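Scroll down for the structure; my scribbles are underneath it.
What follows draws every value from the coordinates through simple rules; no lab data is involved. The model shown is predicted, which means the values in this text are computed figures rather than measured ones. Using ideal geometry, Cβ is built from the backbone for each residue, glycine included, and neighbour counts are taken over all protein chains shown.
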Amino acid sequence: MQIERFDYLVVGSGLAGLTYALKASQYGQVCVLTKGEVSDSNTNDAQGGIAAAVGEADSWELHEHDTHIAGAGLCDPEAVRHLVKHAPEAIRWLIQIGARFDLTGDDLALGREGGHSRNRIVHHADKTGWEVERAMVAAARVNPKVSVYQHSFVTKLQTSNGRCVGVTAEIEGLGQRSFEARAVMLATGGCGRMYQHTTNPRVATADGIALAIAAGAEVKNMEFMQFHPTTLYHPQMRSFLISEALRGAGGTLRNHIGRRFMYDYDLRLELAPRDVVARAIEEEMKKHETWCVYLDMTHLAPDLLKHEFPTIYARLHQIGLEMEKEWIPVVPAQHYSCGGVVTDLEGRTSIPGLYAAGEVACTGVHGANRLASNSLLEALVFADAAAFASKNASFANVIAFQDDPYHCISEAESIRIRRSLQRAMTAGVGIVRSSDGLRNTLGVVNGLVEEYDSLPFSPYSQHPLETRNLLIAARSVVESALRRTSNVGLHFNQDLASEVSPNNSAALPSPPAWRQNPEE
Ligand code: SIN
């Protein structure tokens, strides 16, 4: 087997992967393996921004407090402190490599999102992820120490004596190749494609989670699946993200009769943490038997909407919806996996030589529910720490790479199995779960794994291997959800409904008459 040698290998080319690549390039040769084009990533689609306490009236302590409240008491305190203290420095680095953020005068313009007690979202209109990815890709392209293999699908993490020593991948046009390195960084993003409706791009197929599980790495908190409260409900553009920044700018949520229903659910109204708002919407739709609720931006100046949210404005315009005049129909959809491959503060997983960062990782900062705009920040801060930590890693004494006899099935079967998985996960492991629903879903997922494994072998194709990765990660989500015996953050099982999540309004001082809806 032909084996190429680099100092550092990176699987994935979103913000976490490219941050690690750029930082690690100070210490050696880096190879980035990405299964699509270099810019196909969750990062690219991120609208909101990057949270950082850089405003005058802000402090890392307040950012830390807000992260803990959103995380429902399950965040790792050390990880959160590391995150918020390094946020301003991470923004400075992005600016240094060429990312452009909106300014007010000479200062960064700071937006607001749910769960934040201050305006602290650094952004580039409503396409921050696109801008950040653009700057990172440009920096990687001119860096002679970073090589990028596109259309390279990693099928196996190679381990030797309990240590990760490299990977095996299928590379378009070249076939199977193996790579050896001093350190391997998993930065493969999320797993949203296990659901029918997700804001994630088509590449979000849980590849890193499945690779890590197969290699024996510790994975946790997979039940904390975040549903974004507001994605577009429209047949031609289902699940298009309607950024939380719109609620931060003053958008209000209304039911089908125009009632601002968040008054019935939480004193923080539309800017409560995401789990709270998504559950309120789900309940409101169930109560009134409606398919969606509405985001009302009609009281805001049309110029502000066009200027602050050009992408959303233009996309809505394409379907004939004028947000300055009409309410936007919205529904929650899968958005972010708060759990993942367990890492320490420097991105080390439980397997020596293997690091993880970004959505695939579970650093502990999100606890039971991620605070808005902490995801790009987490990717930046922890990938940076991992690059530094792997600086002095040495090559293992590799005995031999193992063969990877992966099992592909036909694409037609893969599509059928993936659709069944998406239906089962949407029905059984959504915003509100039940014990029976979870048990049934586990049965379905296990059945689909068995079915996949019993189908005849087909020649290599990426889709089936992605489907199998989704099945493995989905099983981990359902098993984790079944293990959790009380409701907290994003995990809400109606059979345990008497439990109170520490981040709901019951834990906060309640101002007098907060339920009073001034519109009534
Ligand atoms: C959004 O723009 O609402 C998404 C930002 C995030 O996921 O933090």
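Put a plus charge on the Cβ of each Lys and Arg, a minus charge on the Cβ of each Asp and Glu, and nothing anywhere else: the dipole of segment 254-360 about its Cα centre is then about 120 debye. Give me log10 I(q)/I(0) at q = 0.07, 0.10, 0.12 Å⁻¹ for the chain, Debye formula, one equal scatterer per alpha-carbon, no solvent. Calculated log10 I(q)/I(0) at the listed q: -0.36, -0.75, -1.10. Using C-alpha pairs under 8 Å with a sequence gap of at least 6, the mean separation divided by the residue count of segment 19-138 gives a relative contact order of 37 percent. The helix-only estimate of mean residue ellipticity at 222 nm for the chain, built from DSSP H runs of length n ≥ 4 each weighted as -39500 (n - 2.57), is -11000 deg cm²/dmol after division by the residue total.
When the pairs LYS23/LYS156; LYS35/LYS127; LYS156/LYS286 are compared against a 32 Å limit on Cα-Cα distance, LYS156/LYS286 fall above it. Averaging the Cα positions of each part gives two centres, and for segment 75-132 and segment 156-196 these lie 30 Å apart. Were the residues from LYS220 through TYR460 laid out at 0.36 nm apart, the gain over their Cα-Cα distance would be 83.4 nm. Taken as Cα centroids, segment 368-437 and segment 203-259 sit 15 Å apart, rounded to the nearest whole angstrom.
Segment 19-107 gives an Rg/Rh value of 1.01, both radii derived from C-alpha positions and Rh following Kirkwood. Binning the C-alpha pair distances of segment 265-344 at 5 Å intervals from 0 yields a P(r) profile of 3, 12, 17, 19, 18, 17, 8, 4, 3, 1 %, listed from the shortest bin outward. Taken one residue at a time, the phi angles of segment 207-215 give Karplus couplings (6.51, -1.76, 1.60, θ = phi - 60°) of 4, x, 4, 5, 4, 5, 4, 4, 7 Hz. Gly and Pro are set to x.
Calculated FRET efficiency, SER59 and GLN96, Cβ-Cβ r, R0 30 Å, to nearest 0.05? FRET efficiency, SER59 to GLN96: 0.80. Going by neighbour counts of Cβ atoms within 10 Å, the residues THR159, THR343 line up, fewest first, as THR159, THR343. Our summary of shape: the Cα atoms of segment 172-229 have principal axis extents of 42, 30, 16 Å, ordered from largest down, in whole angstrom.
Let me have the relative contact order for the chain, percent, based on Cα pairs under 8 Å that are six or more residues apart. This gives 21 percent for the chain. Each DSSP beta bridge with both residues in the chain is either parallel or antiparallel, and the antiparallel ones are about 65%.
Here the scattering of segment 408-494 is modelled by Debye summation over its C-alpha atoms, one equal scatterer each and no solvent; at q = 0.12, 0.17, 0.24 Å⁻¹ the log10 of I(q)/I(0) is -0.37, -0.66, -1.08. Among GLU479, GLU223, GLU289, GLU466, sorting on how many other beta-carbon atoms sit within 10 Å of each Cβ, with the fewest leading, yields GLU289, GLU479, GLU466, GLU223. Is segment 112-165 best put as rounded, prolate or oblate by its Cα gyration tensor, with a ≥ b ≥ c the root eigenvalues, rounded for a/c under 1.5, and otherwise prolate when a/b is larger than b/c, oblate when not? Note, shape of segment 112-165 comes out oblate. Charge dipole of segment 176-296 (Cα centre as origin; +1 on each Lys and Arg Cβ, -1 on each Asp and Glu Cβ, all else neutral): 260 debye, rounded to the nearest 20. The Cα atoms of segment 326-434 give a gyration tensor whose axes a ≥ b ≥ c have a/c of 1.5 or more with a/b no greater than b/c, which makes the shape oblate. Residues MET136, MET285, ranked from the fewest to the most other C-beta atoms within 10 Å, line up as MET285, MET136. Could you tell me which of rounded, prolate or oblate describes segment 138-262, using a ≥ b ≥ c as the square roots of the eigenvalues of the alpha-carbon gyration tensor, with rounded for a/c under 1.5 and, failing that, prolate when a/b is larger than b/c and oblate otherwise? The shape class here is prolate.
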